[in-house]
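Data block below; observations after.
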Amino acid sequence: FAKSRNPPRMGETSVDGAKMTGGNTAIKSEQKTEGNSFFSWLLVLALLGAWLSVGVVWFDLVDYSALGGVYDADGDGDFDVEDAKVLLAYKERLEKEKAEKVRLAKEKTEKERLAKEKAEKERLEKEKAEKERLSKEKAEKERLEKEKAEKERLAKERAEKEILAKERAEKERLEKEKAEKERLAKEKAEKERLAKEIAQKERLEKEKAEKERLAKERAEKERLEKEKAEKERLAKERAEKERLEKEKAEKERLAKEKSEKERLSDAVVNSFAAKKKKPKLLNKFDKTIKSEINAAEKLRNKGKFEESLRAFEALVQKFPQSPRCRYGKAQAEDDLAEKIHSNEMLLKAVNTYREVAELPDVPPDLIKATLKRRAERQQFLGRTRGSLATSEKLVQIFPEDISLKNDLGVAHLLLGDNKGAKRIYEEVLARAPHDGFAKVHYGFILKSENKIAESIPYLREGLESGEPGTDDGRFYFHLGDALQRTGDKSAYDWYEAGHRQGHFASVWQRSLYNVPGLRAQPWWMAEETRYTALVKMLERNWLTIRDEALSVLDSNSGQFLPEDEYLRETGDWGQFTLWQQGRKVASSCRYVPKTCALLEHYPEATSCKRGQIKFSVMQAGTHVWPHTGPTNCRLRMHLGLVIPSKGCRIRCTNQTRSWEEGKVLIFDDSFEHEVWQEAESYRLIFIVDVWHPQLTQLQRQTLSPI
């Protein structure tokens, strides 16, 4: 407001003040009913306002020009007390309004805050309540689901138990039925087998008796004919004899004298030959210490080998040039090695035997006894070349001794030198054509060369000689086999003879490397072997095994090698070996890794040192001779892989069967068996040999490989 140029007059002020007082009085009269207190306060405020206005004007507190005359409440053109009152009231009102607004704003803010807090609290409570509700619902739901799952599980278990119980009962019933059927079938088969064997035996006995009868009749007839011829000859000669009686008598007398002299001479020679000479083991010096040698020898004869060895060692140390003392030391070492099962001690004995032969002045009989024993013990230790050298030395020292020559032939055979052995036995037979030992061994060599017909007379005559060293199962085996291949039915007579001599378990089961007491039957069921897991694995994976075999067969890689034991009469038969004598053939398994991996888990097959695991392919037109395996310690499984619809069959003893694809046949190949492949295409099988189930773990570990 602009400052007024004309200050208010005192009178105007009084008039206005009178007016104001009158107004207040009117207000007081109007509000008299509100009480004196209110009136007093109002009067104070009025007076305060009047004096404030006077002060503002008087002391020029307000810049009216700045206000621009905005507040001219009474319209008199200047800012006076009345205007100041109005201004102050307006300002107070503004401040009050402002304060009110601030208060209201604060209240609003507070209300909003409280509302928000309340809302947030309610929201949190609702969320908490919701979470608790959801948690409870979830827990309830889980409880219900668990109860439901538990009920379902129990129901399933109950149902499963019922099913298993039914299946078990059904399985037991079927197994009982199957076992009963198998038992009846076995009993029937056994009865039939026994009946056939009895019939066969009776037939053979009848044939044998008939042969013997005919032989006797023939011999009797020949004897009578010879007697008749002799009588006729004598009758014809009688006349001539009478004429020449005197001359003949004289001649006979002279001949008798000569004959008697020769007879007496032969009798003397034969008496010395018949009487077995006691070998001379002592030289002149050893005879002087015979009592000391006998004392040490007496300990050895009593089985006191350690004491005997000490005694002979003392004698050798005392008499180092004594052949008999050193020979006694070697014998004591030999006996002790046998007692304590020591190859090291046996090797000492072998060396001591050599030392004996190298000493001077050794009696020939002692050299022969020493070197023969040395050769035997070298052979026992597997030192076949050393044994051969010792035998050759013996033959050089004693060239006229046929038995030593025969032993040298055996040494060549043990070394696998059939040609060397053949040469030795040809030399023996040239000098002693009736030597039975040389004959059976020479026949054996001819048979191994597949000279079947040539081998028969040597084997037969050698066995018939009955000489020491001829009664061996191998010779009966190979003679019978040779006769079979030539169609001679007397083969089974020789098999029967071998059985009587204890070489064969039976006429059918002719294996030579056997463990006694094992169950013997030609055909086996999987359950009887206790290897059902292996059989099931083979049948379950037969396609995988077949495909790998075909990949090798189709590749023409040369892995299938021809059968080389002369078992085929005709045809083509190849084999691809994965395990041999319990050892994995890694180079073969590279071609069929899945098959080999499957078999790794079955030690009854992979550890079988007397068997093989191999693929066998047989072309059309193949016939395998009747033959037997070498041992009764294994069973043989055949898994059919590629089997023509007809024409393929196998006979074991008198039972013939055929293969099926994906199925396993089990038989004991120590029994005679024979194979025909008369189909139009090849036959492929997988052969798995397993230990005989009755062998103990110790036996499986200690049996030698075959």
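The values are calculated or read from the model by the stated rules, or taken from the named source; none is laboratory data. Predicted, not measured: the structure shown is a model, and the values here were computed from it. Here the Cβ is made from the backbone with ideal geometry for all residues, glycine too, and neighbour counts use every protein chain on show. Note: accessible area is taken over every heavy atom of the protein model, side chains too, but ligands, DNA and RNA are not part of it. Shrake-Rupley method; radii C 1.70, N 1.55, O 1.52, S 1.80 Å.
Checked against the criterion of being modelled with pLDDT of 95 or more, assigned to a strand (DSSP E or B) and either of a type outside the set (Phe, Trp, Tyr) or assigned by the TED database to the domain that holds SER455 (or both), the candidates GLN575, GLN521 yield just one match: GLN575. Every condition in (1) surrounded by fewer than 16 Cβ atoms within 10 Å (Cβ to Cβ); (2) more than 16 Å from the chain's Cα centre (by Cα) is met by GLN581 except one, and the failing one is (2).
Every condition in (1) open to solvent by 40 Å² or more (accessible area, probe 1.4 Å); (2) within 37 Å of the chain's Cα centre (by Cα); (3) not β-branched (Val, Ile, Thr) holds for GLN396 except the one numbered (2).
Test GLU355 against the criterion of being touching a Leu at 6+ places or on another chain (Cβ under 9 Å), assigned by the TED database to the domain that holds PRO468 and in a helix (DSSP H, G or I), and give yes or no. Judged against the criteria, GLU355 is not a match. For residues in the stretch 614-656 being without any contact (Cβ under 8 Å) to a residue 60 or more places away in the chain and polar (S, T, N, Q), which is farthest from PHE477 (Cα to Cα)? Ranking the qualifying residues of the stretch 614-656, first place goes to SER645. Screening the candidates ALA432, ALA482, ALA491 for the property of being open to solvent by less than 30 Å² (accessible area, probe 1.4 Å), free of Cβ contacts under 8 Å to residues at least 24 places away in the same chain and either of a type in the set (A, V, I, L, M, F, W, C) or in contact with a Leu (Cβ under 6 Å, 6 or more places away or on another chain) (or both) yields one hit, ALA491. Scanning the stretch 419-429 for residues that are open to solvent by 70 Å² or more (accessible area, probe 1.4 Å) and of a type in the set (A, V, I, L, M, F, W, C) gives no hits.
Restricting to the stretch 689-706, and then to whatever is farther than 16 Å from GLU528 by Cβ and touching a residue at least 12 places away in the same chain (Cβ under 8 Å), can you tell me which residue is least open to solvent (accessible area, probe 1.4 Å)? Taking the candidates together, the pick is ASP689.
Is there a residue in the stretch 455-469 that is open to solvent by less than 40 Å² (accessible area, probe 1.4 Å) and within 30 Å of GLY640 (Cβ to Cβ)? Lay out the reasoning, then the answer.
Start the filter on the stretch 455-469 by keeping residues that are open to solvent by less than 40 Å² (accessible area, probe 1.4 Å), which leaves 455-456, 459, 462-463.
Still in the running and within 30 Å of GLY640 (Cβ to Cβ): none.
No - not one qualifying residue is present in the stretch 455-469.
Considering the conditions (1) among the β-branched types (Val, Ile, Thr); (2) open to solvent by less than 10 Å² (accessible area, probe 1.4 Å); (3) modelled with pLDDT under 95, VAL350 is excluded by exactly one of them, (3).
Just one of the listed residues (LYS176, LYS216, LYS196) is over 30 Å from PRO522 (Cα atoms) and either open to solvent by less than 90 Å² (accessible area, probe 1.4 Å) or of a type in the set (Lys, Arg) (or both), namely LYS216.
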